[in-house]
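Trainee: Starting off with a structure, shown below.
The values are calculated or read from the model by the stated rules, or taken from the named source; none is laboratory data. Keep in mind that what you see is a predicted model, and the values were worked out from it rather than measured. FYI the Cβ positions are ideal-geometry reconstructions off the backbone, even for glycines, and counts take in every protein chain you see. Note: areas computed on protein heavy atoms with side chains; ligands, DNA, RNA excluded. Shrake-Rupley method; radii C 1.70, N 1.55, O 1.52, S 1.80 Å.
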Amino acid sequence: MEDMSENPVLNTKPLLNILIVDDMPVNLLLLERMLAERGYKPRPVISGKLALEAARAEPPDLILLDINMPDMNGYELCKQLKADTALKDIPVIFISALGETIDKVRAFNVGGVDYVTKPFQCEEVYARIQTHLKLHQLEKLRDTLTHMVVHDLRNPLTVVSGFLDILKYGEAQKLSANIQELLKAARRSTKDLLNMISSILDVSKMGANEMKLQYEQFCLDILIRTVLDTTQPFPGDRTVAFEASGSSLAVTADIVLIRRVLQNLLSNALKYTPQGGGIRIVITASPPSQVRVAVTDTGPGIAPKYHQRIFEKFAQIEDQNNRMGTGLGLAFCKMAVEAHGGSIGVESEIGRGSTFWFTLKQHETTLTDKGGTHE
């Protein structure tokens, strides 16, 4: 047995807790004993349902998960964990007697970070646990440092944006046409940077469940028109067509967050639509009691295998044109929409452009005087 006095895990307060999910008591006992001996806090449960309840009551630092269980198997449990904002970043290591490649691929596809085949060796399981806990801690450190740096960038960038606005509205007539165009580009880029900073900070807050939504009633179609008005002129001779149905398009939501969702999706469409190309925004009432917004570009399109990944934080994708993405813009959109109980997604094929869409719950009363009053 190793010298536990030399184990750095024992000096960690509080103890790192690991949820063990397996319907076989003998496996639970073996893993529980192994983890306790190495200074972890094991939490054994015998079903997927109990595991979900335990994780929501006290999120673990890591999960060891069996696949073949009655009622809810490991794949389904992992899907539900990854769909929960508070639990989705917890590393999941599958431990299963299923040893075929297709089983391992499916485990990784639903969000697992590693796979150990039964019968397992305790030292191998321990090594995998250590590796993924360290990686997870590094990811947390990266997010914390990113948050600190970005927060410090906001103030000087706000000052720069203010000075550019002064030039635009107070001194523009003294500038040549070429300089005025450069000023427009500088203002647009500065606004984009401020929006990116806000997205990073808000993704961090939403991920930690620290953001409180400020609900109010407004018409989504009026808000879209406001976003389009403040974005014009569109760069590169691109055009934007907007269509709205005649039925009620009122929602109750955080207008500031939803405006930024719209700005991000429009900015994304403008970025990937070629010069002279067109963008189409359509808003409709979508049963049952929802409003659906769709932003369609005429860009290069996105391969289906990336349709889920592009909404992840710091996701990087590469298509046949070696185009990379996507930062935090789409991750912010997903978290903001889902915080309102809505859905978001993309429909796209290579060479056929992309349609990014989201839905919000429709408000019962039609409004006519809100939607464009917040700056």
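Trainee: How large is the helix-only mean residue ellipticity at 222 nm for the chain, computed as the sum of -39500 (n - 2.57) over DSSP H runs with n ≥ 4, divided by its residue count, in deg cm²/dmol to the nearest 500?
Mentor: Values: 9 runs with 158 residues, N = 375.
About -14000 deg cm²/dmol.
Trainee: With the other protein chains left in place, how much accessible area per residue, in square angstrom, belongs to segment 140-240 at a 1.4 angstrom probe?
Mentor: Computed with neighbouring chains in place, this is 63 Å² per residue.
Trainee: On to the next question. Listed highest first by mean packing, meaning other Cβ atoms within 10 Å per residue, what order do 98-107, 171-180 come in? Don't jump to the answer; show the numbers that get you there.
Mentor: On the way: 98-107: 13.6, 171-180: 10.1.
By packing density, highest mean first, the sequence is 98-107, 171-180.
Trainee: Where a Cα-Cα gap under 18 Å defines reach, which lysines qualify for Lys174, not counting those fewer than 8 residues away within the same chain?
Mentor: Straight-distance partners of Lys174: Lys184.
Trainee: Roughly what % antiparallel, to the nearest 5, for the DSSP beta bridges in the chain?
Mentor: Working: 30 of 52 bridges.
Here the antiparallel bridges make up roughly 60 percent for the chain.
Trainee: Can you give me the relative contact order of segment 52-159 as a percent, contacts being Cα pairs under 8 Å and 6 or more apart?
Mentor: Details: 101 pairs, mean separation 24.9, N = 108.
This gives 23 percent for segment 52-159.
Trainee: So, one more: Mean separation of Cα pairs under 8 Å and 6+ residues apart, divided by the residue count of the chain: what relative contact order is that in percent?
Mentor: Numbers: 592 pairs, mean separation 42.5, N = 375.
Answer for the chain is 11 percent.
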